[in-house]
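Some notes on the structure that comes next.
The values are calculated or read from the model by the stated rules, or taken from the named source; none is laboratory data. Keep in mind it's a predicted model, so treat the numbers as computed, not measured. Please note: Cβ atoms are built from the backbone with ideal geometry, for glycine as well, and neighbour counts cover all protein chains shown. Surface accessibility is based on the protein's heavy atoms, side chains included, excluding ligands, DNA and RNA. Shrake-Rupley method; radii C 1.70, N 1.55, O 1.52, S 1.80 Å.
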Amino acid sequence: MSAAAPRLPALLEALGQRAPRGMELGLDRVRAALAALGDPHAVLPAIHVAGTNGKGSVCAMVESIARAAGLRTGLYTSPHLSRFAERIRVGGEPIGDAAFEAALAAALERVPSPLTFFEALTVAAFVAFRDAGVDLAILEVGLGGRLDATNVIAAPLCTAITSIAFDHQALLGPTLADIAREKAGILKPGAPAVLGPLDPEADAAIEAVAQAAHAGPRLRVARAGEGAGDIAVGRAGRGARATRVAGPGGRAVEVELGLPGAHQAENAGVACGVAWQLAGRWPEIDRALPAGLAAARWPGRLEPIDAGGAQVLLDCAHNPHGAQALAAWLDEQGPGPARTALVFGAMADKGWGEMLQMLAPRAQRRFYVTPQGRAAAPLEALRQVAPGEPIGDPGAAVARAIEGAAPGGLVVVAGSIYLVGEVRSALLGIAPDPVVTL
């Protein structure tokens, strides 16, 4: 911590003490807190992004495009991998200690009632973005949408829903339509929306909410290789990341995406749709699209790290939909099962069995671990899905996987964001903040 922020360690400790309260969906506490702080969110030009998977990548792409256009950006995402400050970024960098201290002190000490962990960080982000004078705030929904703390934004410049898949059913509902309706709660009167590729059930549910909310026009992204949609994505050239995005009015962009994975083409389609909506306010965004998409980075998502000569691939796939995208990348870009090792651990409340069924055939050597955080999937239960070595400690498992790696081989770490954060911090020598369990 810098000398300019002497109270930050104590504030971060106080923030972490809020975590055991867990998630308490609702907007009343956040609205009251923001009102006590002068409603900092009300002055922010903002976009709001929801979705089961892909929302963080879309936010990273849009933020990169906006910076390439010369805008001062604020980016609020969750969770973090190593440090709480990663959740609140200004100008592409995690918030500085002094600014973080001021914003966090406001959220923890100057509000009428105690906020939850996520609510406090959300309020702190709004304060930080106002104080930094950002031109555009990019906000990622934490969970769901309708009752998420970020949904206090009343008039976003644009909203987006990246994907709908099964996750958090206990809170969002048992069907895709239920989940879609919750995520569609971010749609606002008059605000245009960009929708990623959706199953018909989810699309119909979102459209019904959009009409009831009098939302602005919707742009739909077609699945890669399919033609039905306002925005079409496909490959452009031979590079694995070479992508073409075509939109309304003859707009099109061809670029080598900064983020790896075939699924990122569809996320780029959503990001382009959002950027095209913003270009009416900032025309320079149109010209900045290729550079912004090429420069976008999102740590822990198909992120390669050289670890003593061995290649480690970190991916935050933590539900079946995410595991499917990782499996597709391994099929296309990986060295093959014989030269791939998998370090896998997951939270017990996730679809770990289905995830492991997808990933296990792609790795001949498998090591099972217990990530930090809430209750993890039992190691013996993982072995029942696919044979592997139960090690428990992620660091020891990664070391074992690296030790036995074949020439040109790959060690894949996936199954939990907690796990990826822990391993990434260790490999890069980052001193992480204490783990919080929500």
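Some values worked out for this structure:
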item: Area accessible to solvent at Cys316, 1.4 Å probe radius, in Å²; result: 10 Å²
item: Fully extended contour minus Cα-Cα distance, from Glu93 to Arg251, at 0.36 nm per residue; result: 53.8 nm
item: Hits among aspartates and glutamates - C-alpha to C-alpha of Lys55 under 18 Å, sequence gap 8 or more where chains match; result: Glu63, Glu86, Glu140, Asp148, Asp167, Glu182, Asp199, Asp203, Glu266, Glu303, Asp315
item: Amide N of the range 112-154 lying under 13 Å from the label point, which is placed 7 angstrom from the Cα of Leu27 along Cα→Cβ; result: 145-154
item: For His214, solvent-accessible area (1.4 Å; no DNA, RNA or ligand), Å²; result: 140 Å²
item: For the range 217-278, size of Cβ-based charge dipole, Lys and Arg +1, Asp and Glu -1, in debye; result: 40 debye
item: Estimated FRET transfer efficiency when R0 is 22 angstrom, pair Gln311-Ile430 (beta carbons, to 0.05); result: 0.70
item: Ranked by how many other beta carbons lie within 10 Å on average, peptides 92-99, 151-158 from highest; result: 151-158, 92-99
item: Å² of accessible area per residue within the chain, as computed with a 1.4 Å probe and no ligands counted; result: 38 Å²
item: Contour excess over end-to-end distance, with Cα ends at Arg72 and Arg287 and 0.36 nm allotted per residue; result: 75.7 nm
item: Relative contact order of the chain, pairs being alpha-carbon contacts under 8 Å that are 6 or more residues apart, as %; result: 15 percent
item: Of all accessible heavy-atom area on the range 1-113, the percent that carbon and sulfur account for (1.4 Å); result: 50 percent
item: Relative packing of peptides 414-422, 300-308 - highest average C-beta neighbours within 10 Å first; result: 414-422, 300-308
item: Cut-off 19 Å, label 7 Å out along Cα→Cβ of Ser113, residues of the range 28-55 by amide N; result: 28-39
item: The range 1-151: relative contact order in percent, alpha carbon pairs under 8 Å with at least 6 residues between; result: 38 percent
item: Under 5 Å, built H, 5+ apart or other chain: amide partners of Val343; result: Phe367, Val412, Val413, Ala414
item: Among Leu108, Leu428, Leu379, residue whose mean-square fluctuation peaks in a GNM of the chain (springs only between Cα atoms under 10 Å); result: Leu428
item: Accessible surface of the range 140-252 [probe 1.4 Å, protein heavy atoms]: carbon and sulfur percent; result: 53 percent
item: Arg235 long-range amide H proximity, modeled H, under 5 Å; result: Arg244
item: The range 291-438 pair-distance distribution - Cα-Cα, 5 Å bins, rounded %; result: 2, 10, 21, 25, 22, 12, 6, 2, 0, 0
item: Pairwise Cα inverse-distance average, inverted: Kirkwood Rh of the range 331-410 (Å); result: 12.7 Å
item: Other-chain or far-sequence residues with amide H under 5 Å of Arg218's (modelled H); result: Ala193
item: Hypothetical label at Asp393: residues of the range 347-387 whose amide nitrogen lies under 13 Å (7 Å Cα-Cβ projection); result: 370
item: Percentage, to the nearest whole number, of Cα pairs in the chain over 33 Å apart; result: 33 percent
item: Percent carbon-and-sulfur accessible area, the range 356-438, ignoring ligands, DNA and RNA, probe 1.4 Å; result: 55 percent
item: Calculated FRET value between Thr437 and Arg7, using beta carbons and R₀ = 30 Å, to 0.05; result: 0.80
item: Solvent exposure ordering (accessible area, 1.4 Å, most first) of Val90, Val58; result: Val90, Val58
item: Max mean-square fluctuation residue, GNM over the chain, Cα-Cα springs under 10 Å, options Arg287, Arg366, Arg130; result: Arg287
item: Estimated 222 nm signal from helices in the chain, with DSSP H stretches of n ≥ 4 weighted -39500 (n - 2.57), rounded to 500; result: -11500 deg cm²/dmol
item: Simple spin-label estimate for Gln17 and Asp349 in nanometres, 7 Å along Cα-Cβ; result: 2.4 nm
item: Cα centroid of the range 155-206 to Cα centroid of the range 333-363, whole Å; result: 28 Å
item: Projected label distance in nm at Ala208 and Ala242, using a 7 Å step from Cα toward the beta-carbon; result: 4.5 nm
item: Label-point separation, Gln357 to Ala42 (7 Å along Cα→Cβ), nm; result: 5.2 nm
